[in-house]
1. Only one of these conditions is not met by residue 161: (1) in contact (Cβ under 8 Å) with a residue 24 or more places away in the chain; (2) assigned to a helix (DSSP H, G or I); (3) aliphatic (A, V, I, L, M). Which number is it?
2. If you go through region 241-271, how many residues are of a type in the set (A, V, I, L, M, F, W, C) and more than 16 Å from the chain's Cα centre (by Cα)?
3. Here are some residues: 268, 228, 221. Which one is modelled with pLDDT of 90 or more and of a type in the set (A, V, I, L, M, F, W, C)?
4. In region 179-192, which residue that is closer than 17 Å to residue 269 by Cβ and modelled with pLDDT of 90 or more is surrounded by the fewest Cβ atoms within 10 Å (Cβ to Cβ)?
5. Considering only residues that are more than 18 Å from residue 102 (Cα to Cα) and buried (at least 24 other Cβ atoms within 10 Å of the Cβ), which ones fall in region 286-301?
6. Does any residue of region 193-206 turn out to be part of a helix (DSSP H, G or I), modelled with pLDDT under 90, of a type outside the set (Val, Ile, Thr) and surrounded by fewer than 17 Cβ atoms within 10 Å (Cβ to Cβ)?
Amino acid sequence: MLVYIFVLFSLLCFNVLYNYKPHQYYAYWGATVIFIIAAFRSGEVGNDLERYISMFMSEINRESAKADMEWGYNFLNEFLRFFSNDAQWFIFSTSLLILLPLFILIIKKSSNPVFSMMIFFIIINGFGFFLTAIRQALAVVICLWAFNFANNKKIALPILLIVIAAGIHASALFCIVFLLLAYKEFNQKIYLTLLFISVLIGFGFRINVFDVLPLLGALPIFSEHVEIYSGYSDYFTEASPNFNGLFLTIVPTSIFAYYAIKKNSISIYSRLLCVGTILTNIFASTPMIPRYFMYCTICQVVIIPAVYSTLTKCGKIVMCGTIILLMLYFLLFSLKINGIDNYNFYN
């Protein structure tokens, strides 16, 4: 845990320095610290990492797993193996492919990139999740760039990037739906009303996402992908939600989405964050639901720093309280959930 506390402390210090005198090199230092612990970690840091490494290194394991992996990820595996089939090369190269595009976008778009990196480090399905879910992390970053181009009123390129991302992790294809939902700007009150209703639904009702997926499955382009995730329904429905889990799933992101829409509803990042939060809240009782809509909720790393600077003193207190809550969750729960609590450097 000490290495994560060190990173958090470093990011906090860089954030203070950036606020005092904004310089991009504070962001570069923050990005470097995060990258080092990701790229040079042991193959045992991350629940799914050993499986990915085994598939990368072993011809037999790779061939047997190809049918379960998307074409894009299989191609990426073969491309990386062209240079080396060493486990450390796999960890380093995938960390670079995930984090470098993310940090470039953050530095380019965020009003305070160090603050953005700190949010990314602690949020549910942020840094900790990225260390274990290699394929989906790659897909999320590609889709975040797709949303960036959509924000510039371009359509063809975002759709192309989403299709490429779906070639790495099939769930990315749903970003076409998310983008359509967020592309048209509605009245601020509509977003806030739907957000409030979704919070009530999340706490008061148990709506299973697997009951809704077949509706999307009726569309030819989604049928195959829906079938993949419907296979998880029997496993996930055995787990029952508890209040603590619902609270952590619903409240922090809803607070961020509320302020994002309240202060900057014209930004597509705000609208995507709100759409993802509403959908997450509605299906909050489905275990692991945040990862379904993290393609949208990851937008908080871009929009929240800009929103924070416009808040009243009371709003900043609420935001800081939410960030402290996420820090505690990250250190006390998220590390273990993602299998990264016993950190070791590669040797």
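1. Against the list (1) in contact (Cβ under 8 Å) with a residue 24 or more places away in the chain; (2) assigned to a helix (DSSP H, G or I); (3) aliphatic (A, V, I, L, M), residue 161 comes up short only on (1).
2. Count: 9.
3. 268
4. Per the criteria, the residue is 192.
5. 286
6. Among the residues of region 193-206, at least one is part of a helix (DSSP H, G or I), modelled with pLDDT under 90, of a type outside the set (Val, Ile, Thr) and surrounded by fewer than 17 Cβ atoms within 10 Å (Cβ to Cβ), which makes the answer yes.
Residue-wise test of (1) among the hydroxyl-bearing types (Ser, Thr, Tyr); (2) surrounded by fewer than 22 Cβ atoms within 10 Å (Cβ to Cβ); (3) farther than 14 Å from residue 272 by Cβ.
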position	(1), (2), (3)
128	no, no, yes
143	no, no, no
146	no, no, no
149	no, yes, no
159	no, yes, yes
164	no, yes, yes
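Listed here are the residues, each with its yes/no results for (1) basic (Lys, Arg); (2) out of contact with any Pro (no Cβ under 8 Å at 6 or more places or on another chain); (3) in contact (Cβ under 8 Å) with a residue 40 or more places away in the chain.
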residue: 99; (1), (2), (3): no, yes, yes
residue: 102; (1), (2), (3): no, yes, yes
residue: 105; (1), (2), (3): no, yes, yes
residue: 109; (1), (2), (3): yes, yes, yes
residue: 115; (1), (2), (3): no, no, yes
residue: 122; (1), (2), (3): no, yes, yes
residue: 132; (1), (2), (3): no, yes, yes
residue: 136; (1), (2), (3): no, yes, yes
residue: 146; (1), (2), (3): no, no, no
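The values are calculated or read from the model by the stated rules, or taken from the named source; none is laboratory data. Quick caveat, the model's predicted, so the values are computed rather than measured. Because the Cβ atoms are built from the backbone with ideal geometry, glycine has one as well, and the counts that use them run over all protein chains shown.
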